[in-house]
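Data block below; observations after.
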Amino acid sequence: MRILAILTAAGVAACAATQSMPDAGEGAAIYDANCVQCHGASGKGDGPWASGFTPRPADLTRLSNDGVFPRAHVLSVIDGYDRTGLPGQEMPEFGLLLEGDTVPLDVGDGRLTPTPRPLAALMAYLESIQTK
């Protein structure tokens, strides 16, 4: 019985570890691997490929509206659900960002949404680079 209790506690601890929110550092690595070419190292839309796009890539440092980061909207743009369909608004597919373990992410309405960990990490990073 004691072994069962120990195994149960270990299982719960392992689940809790994978459910923790990633930090901005984890997201910065994902940003560097997937976003820098268009949005630039600073996130201001000035990456090496930016001049080839009309309109230019978004300034990701100015996404907050009155100090509130629009998580739901940003998530839906990255995962492809909320694109305007206007010319120049295309983004590459980010299949690997949409796979793997999920973490509960509050998208702004107080409800937790299961979100792939890499995508939640990217959100943490983007939120951290917002200008005041």
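Each value in this text was obtained by applying a stated rule to the coordinates, not by laboratory testing. Keep in mind it's a predicted model, so treat the numbers as computed, not measured. Here the Cβ positions follow ideal geometry from the backbone for every residue, glycine too, while neighbour counts run over all protein chains shown.
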**D (Stokes-Einstein, µm²/s), Kirkwood Cα radius, the range 22-128, 1.567 mPa s at 4 °C** = 91
**Item:** Cα centroid separation - the range 19-49 against the range 108-131, whole Å
**Value:** 13
**Asked** What are the residues whose amide H is under 5 Å from the amide H of Leu105, where those residues sit 5 or more places off or on another chain and H is modelled from the backbone?
**Response** Thr113, Thr115
**Message:** I'd like to compare 50-62, 34-46: which one has the highest average count of other Cβ atoms within 10 Å, and what's the full order after that?
**Reply:** 34-46, 50-62
